[in-house]
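Structure record follows, encoded as structure tokens.
The values are calculated or read from the model by the stated rules, or taken from the named source; none is laboratory data. A quick note: this is a predicted structure, and the numbers were derived from the prediction, not measured. Note: ideal-geometry Cβ built from the backbone for every residue, glycine included; neighbour counts use all protein chains shown. These area figures cover heavy atoms from the full protein model, side chains too; ligands, DNA and RNA do not enter into them. Shrake-Rupley method; radii C 1.70, N 1.55, O 1.52, S 1.80 Å.
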Amino acid sequence: MKFNVFTMNTVSHVNQGIWRHPENKTVLHNELETWIELAQLAERGRFDAIFLADGAGLGGDFGGSWDIYPERGLMFPIGDPLMLVPAMVQATEHLGFIYTSAPIQHPPYSFARSAATLDHLSRGRIGWNIVTNASANAHRNVGLNGLIEHDKRYTIAEEYLEVVYKLWEGSWDDDAIVRDVANGVYANPSMVHKIDHVGEFFRCEGPLQVAPSPQRTPMLFQAGGSDVGRNFGVRHAEGIFVMSDTPADAARVVQDMRARASAVGRAPETLQFFQGLTFVVGSTMKEAEEKAAALDEYLDPVAAMAYRGGFMGIDFATVDPDTPLKELIKAADGIQGPLKLFIDKQPAGANPTVRDLSAFFGAKYRVVGTPESIADELDEWASAGIDGINMISIITPGTYRDFIDHVVPVLQDRGLIKREYAPGTLREKLFGGGPRLPEWHPAAQYRTTRKVVV
């Protein structure tokens, strides 16, 4: 299995309120040493990447106000994840870095240039988590009137990807750089191309000013749970991030996504699935359960409800608890996946309400146990079709240190995690093959006719 650190440059990410724990260094997220320590720890544990979430704006209001965000440290403040990557690259040799960015955050040319530069500096260890951003505040922060409608955000993302693919894959021939010192020619101009993109949402002349990086296009992740999100994912993503409650639930998601991949002419096995989980480790089950109970004392249930609703564009503090969820999902312009997942899990004919969500929102995607019992459960996830884990922090860096010191050796003995890194780029380490996107990928159509170096 593959393992990523899943975190955010903020005070409180998934487990709301836990920033108050005295051993949690997320309150030091603005200090570079915090990130260097985490990156080096992850590489020592043979993790594959640090997966950096992001939020370019506040979530939705809670109780008609946004006060809860600064008051409870609810994913606020948040620093730019992109700025963390160069320092962590310098402090590591093999670890990958997957960062989150949405089309509204950066013009496609600016994003393509930054990502290509990072891919050069890291020797090909960069990945991109493609999101469409469900925050109305984030949209207003960049001059838009408000949240773009859910499905239209994916339409915009499709064109955004077309532009960056053209820049990464079509601006330069592989052998354009000749470095002919005698004749004073650095690059052959006939092998560098403007892209001249004119579309519905974007215009970009090009060419990309950055020469081809080791991967050209960074490794691509996506996490959409709606129908349009899943269809987008199977067209573009190499890694799919899922948040299923059980291995059985994950198996259904994997089956659905692989069927969608087949329907668009893609080999289903070219998708890899990463489940979000966190772990509390003890030498005995009793010790692990006591540690989990002690951690629960720091959780903030009010902030947790605001966190979930903020992603969905729903103010749960103002919604009648008996409102059917099928009515809410029609009005949710935010992230629809969690609601859809819960509705789909109910028995045929059921009509779940907001009141029924309480237990679902209480699930922390947490595995509590001994190293051996955790390895047993991870084996179940692997059997369900999960290829890797995006490991959510409870305590940073303690959650990861406990796992690396005590669980990783057991997983290595069972063949569930590598002992040494494979050579090559992030794409080569995770998927094998060459550093470039394979020919089935939509980006391949934008490659110019040239010698392809793999």
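Going through Thr92, Thr34 one at a time, which residue ends up being in contact with a Lys or Arg (Cβ under 9 Å, 6 or more places away or on another chain), open to solvent by less than 60 Å² (accessible area, probe 1.4 Å), over 17 Å from Ser12 (Cα atoms) and among the polar types (S, T, N, Q)?
Thr92
Inside region 261-302, can you point out the residues that are among the polar types (S, T, N, Q) and open to solvent by 60 Å² or more (accessible area, probe 1.4 Å)?
Ser262, Ser283, Thr284
Of all residues in region 223-262, how many are free of Cβ contacts under 8 Å to residues at least 12 places away in the same chain and under 24 Å from Arg427 (Cα atoms)?
Residues meeting the conditions: 2.
Suppose we filter His120, His139, His106 for residues that are within 25 Å of Leu208 (Cα to Cα) and in contact (Cβ under 8 Å) with a residue 40 or more places away in the chain; which single one remains?
His120
Considering only region 62-78, state which residues are surrounded by fewer than 18 Cβ atoms within 10 Å (Cβ to Cβ) and part of a strand (DSSP E or B).
Ser65
Considering only region 237-246, I want to know if a residue exists there that is among the aliphatic types (A, V, I, L, M), surrounded by fewer than 20 Cβ atoms within 10 Å (Cβ to Cβ) and closer than 19 Å to Pro103 by Cβ.
Scanning region 237-246, I find no residue that is among the aliphatic types (A, V, I, L, M), surrounded by fewer than 20 Cβ atoms within 10 Å (Cβ to Cβ) and closer than 19 Å to Pro103 by Cβ, so the answer is no.
With the condition kept exactly as written, say whether any residue in region 209-223 is open to solvent by 10 Å² or more (accessible area, probe 1.4 Å) and under 30 Å from Tyr365 (Cβ atoms).
yes
Among the numbered criteria (1) in contact with an Asp or Glu (Cβ under 6 Å, 6 or more places away or on another chain); (2) open to solvent by less than 20 Å² (accessible area, probe 1.4 Å); (3) not hydroxyl-bearing (Ser, Thr, Tyr), which one does Arg447 miss?
All conditions are met except number (2).
Out of Leu378, Leu357, I need the residue that is out of contact with any helix residue (DSSP H, G or I) (no Cβ under 6 Å at 6 or more places or on another chain), modelled with pLDDT under 70, among the aliphatic types (A, V, I, L, M) and not in a loop (DSSP other than H, G, I, E, B). Which one?
Leu357
Looking at (1) more than 27 Å from Leu430 (Cβ to Cβ); (2) in a loop (DSSP other than H, G, I, E, B); (3) at pLDDT below 95; (4) open to solvent by 30 Å² or more (accessible area, probe 1.4 Å), which is the only condition Glu23 fails?
Going through the list (1) more than 27 Å from Leu430 (Cβ to Cβ); (2) in a loop (DSSP other than H, G, I, E, B); (3) at pLDDT below 95; (4) open to solvent by 30 Å² or more (accessible area, probe 1.4 Å), Glu23 breaks only (3).
What is the one condition in (1) open to solvent by 50 Å² or more (accessible area, probe 1.4 Å); (2) assigned to a loop (DSSP other than H, G, I, E, B); (3) more than 26 Å from Ala267 (Cβ to Cβ) that Thr396 does not satisfy?
(1)
Residue check: is Leu118 under 30 Å from Arg44 (Cα atoms), assigned to a helix (DSSP H, G or I) and in contact with a strand residue (DSSP E or B) (Cβ under 9 Å, 6 or more places away or on another chain)?
yes
Can you tell me which residue in region 162-206 is most open to solvent (accessible area, probe 1.4 Å), limited to those that are over 22 Å from Ala237 (Cα atoms) and in a helix (DSSP H, G or I)?
Pro189
Considering only residues that are open to solvent by 20 Å² or more (accessible area, probe 1.4 Å) and at pLDDT below 95, which ones fall in region 1-18?
Val11, His13, Val14
Sort out which residues of region 258-274 are in a loop (DSSP other than H, G, I, E, B) and more than 20 Å from the chain's Cα centre (by Cα), and write them in order of number.
The answer is Val264, Gly265, Arg266, Ala267.
Is it the case that region 132-140 has a residue that's in contact with a helix residue (DSSP H, G or I) (Cβ under 9 Å, 6 or more places away or on another chain) and either among the acidic types (Asp, Glu) or at pLDDT 90 or above (or both)?
Scanning region 132-140 turns up at least one residue that is in contact with a helix residue (DSSP H, G or I) (Cβ under 9 Å, 6 or more places away or on another chain) and either among the acidic types (Asp, Glu) or at pLDDT 90 or above (or both).
What number of residues in region 233-253 are at pLDDT below 95 and acidic (Asp, Glu)?
Here the count works out to 2.
Please tell me if Pro107 is modelled with pLDDT of 95 or more, surrounded by fewer than 24 Cβ atoms within 10 Å (Cβ to Cβ) and closer than 22 Å to His150 by Cα.
Yes; evaluated as a whole, the condition is true for this residue.
Return the pair list, or none, for Cβ contacts closer than 6 Å from residues in region 194-210 that are farther than 14 Å from Phe111 by Cβ to residues that are open to solvent by 100 Å² or more (accessible area, probe 1.4 Å) and of a type in the set (Lys, Arg), at least 6 apart or on different chains.
Listed pairs, sorted by first residue: Glu205/Lys194; Pro207/Lys194.
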